[in-house]
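What follows is one structure encoded as structure tokens, with my remarks underneath.
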Amino acid sequence: MSALSTTYLGLSLRSPLVASAGPLTGSMDSLRKLEDAGAAAVVLPSVFEEQVRNEEAFVDHFLEIQSEAQPEAQRFFPDPELYPVQRPRQLELLQEAKAALEIPVIASLNGATSQGWKELALQMKEAGADAIELNLYEVAADPSVDSAELENRQCELVRELSECLKLPLAVKLSPYYSALANMAGKLEQAGAGALVLFNRFYQPDFDCERRTASRRLGLSTSREHLLPQTWISILRSQRQLDLAASSGMHQAGDVLGALMAGADIVMSTSALLKNGPEHIGTLTRELVEWMEEHDYPHIDDLRGCMQRKYLEDPSLVERANYLTLLHQGEW
Ligand SMILES: Cc1cc2nc3c(=O)[nH]c(=O)nc-3n(C[C@H](O)[C@H](O)[C@H](O)COP(=O)(O)O)c2cc1C
């Protein structure tokens, strides 16, 4: 057993360092480079709910036009064999990746309703996905939907998917739930095998001169690792399901902090985009060096040592710490 070997969603991994969904996991060339550099698993770019719905809508629209234009249109109806709903490109990539890579390949779905695309998750399973990651990216901007309704809908989706899939299911969350610890428990009960903490909320910048919103998706910085680290420290003391740290994992110190908080794995997109796929090798090497210097034979010997219940002062990760900091002027 190597010093870094671990498990995630029941999969055996050579290390806790996983490449999260992003441009580098979107081509066979960079997927191979990630595997060669030491990535323990890869998460492919998401298939978006809208992508699937639009493709279905396109075929529906085509059928409608044909039937309206020709009363005897039956014969013009496209043969579903010839005009299938186009398979998202990610499914082809998944099949190729499964054939070419030895490390586990996780397929990703991005959506928040169950309409019409559970089928796709089953196709991902058939294509060989080792697990599915469901990214519940949703901006709760509808004032008529309260948090209970939104959360119940999301939990129901997780329940339906986990029941029909019978494949390990991770749920990627935003940090903006009003009761995240409670939601984590509900997702675990609904069948989530892991939580990925966190996705990043896309916040468009404004071009004030032109009064337009920019479409740039900024990369994270190392500073952002504190948010997943804090929440993993809290949730590790409460829940049994696996926890993946995502956001701001740029340096070996960020990875170490997440593992000490209790993460099962650590994911990276921005740092690999900035530094190239080889960066995962650098992180792995630096992690091993640190463990050797500090006499930790295996990551299990340090994992979770900084989870909330083991902290000398557990309030450090909660509100009391905020108050103390403000009053002591420690900034
Ligand atoms: C260019 C780009 C594309 C991304 N595409 C996806 C995606 O398809 N699905 C997904 O769940 N997350 C996607 N993400 C989010 C990342 O997987 C990751 O959760 C986020 O960037 C935070 O991690 P990081 O700080 O290591 O970048 C993308 C991120 C970037 C920068």
Give me the number: length gained by fully extending GLU156 to LEU302, i.e. 0.36 nm times residue separation minus the C-alpha to C-alpha distance, one decimal in nm. 49.0 nm
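Using the Cβ atoms and a cut-off under 14 Å, what net charge is assigned to the surroundings of PRO204, where Lys and Arg are +1 and Asp and Glu are -1?
Numbers: positive: ARG200, ARG210, ARG211, ARG215, ARG216; negative: ASP205, ASP207.
That works out to +3.
When Lys and Arg each count +1 and Asp and Glu each count -1, what net charge do the other residues less than 15 Å away from THR6, Cβ to Cβ, add up to?
Values: positive: ARG14, ARG236, ARG303; negative: ASP130, ASP242, ASP264, ASP300, ASP301.
Every neighbour counted, the sum reads -2.
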Under 10 Å, Cβ to Cβ, from HIS250 - net charge with Lys/Arg +1 and Asp/Glu -1: 0
Between GLU286 and LYS274, what length in nm is gained on full extension when 0.36 nm per residue of separation is reduced by their alpha carbon distance? 2.5 nm
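Kindly state, to the nearest 0.05, the FRET efficiency for ALA3 paired with LEU217, given R0 = 35 Å and r defined as their beta-carbon distance.
Numbers: r = 35 Å, r/R0 = 1.00.
Using R0 = 35 Å, I get an efficiency of 0.50.
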For segment 195-314, just the Cα atoms, rotate onto the principal axes and tell me the three extents in Å, largest first. 56, 33, 24
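Using a Förster radius of 35 Å, what is the FRET efficiency between GLN251 and ALA100 based on their Cβ-Cβ separation? Nearest 0.05, please. Provide the component values of the computation, followed by the final result.
Values: r = 30 Å, r/R0 = 0.85.
Computed FRET efficiency for GLN251 and ALA100 comes out at 0.75.
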With N residues in segment 128-228, Rg(alpha-carbon) / (2.2 N^0.38 Å) equals 1.27
Run the numbers for ALA179 and GLU92: contour at 0.36 nm per residue of separation, minus the present Cα-Cα distance, in nm. 27.5 nm
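No lab work stands behind these numbers, since they all come straight from the coordinates. Keep in mind it's a predicted model, so treat the numbers as computed, not measured. Ideal geometry is used to build each Cβ from the backbone, glycine not excepted, and the neighbour counts take in all protein chains shown.
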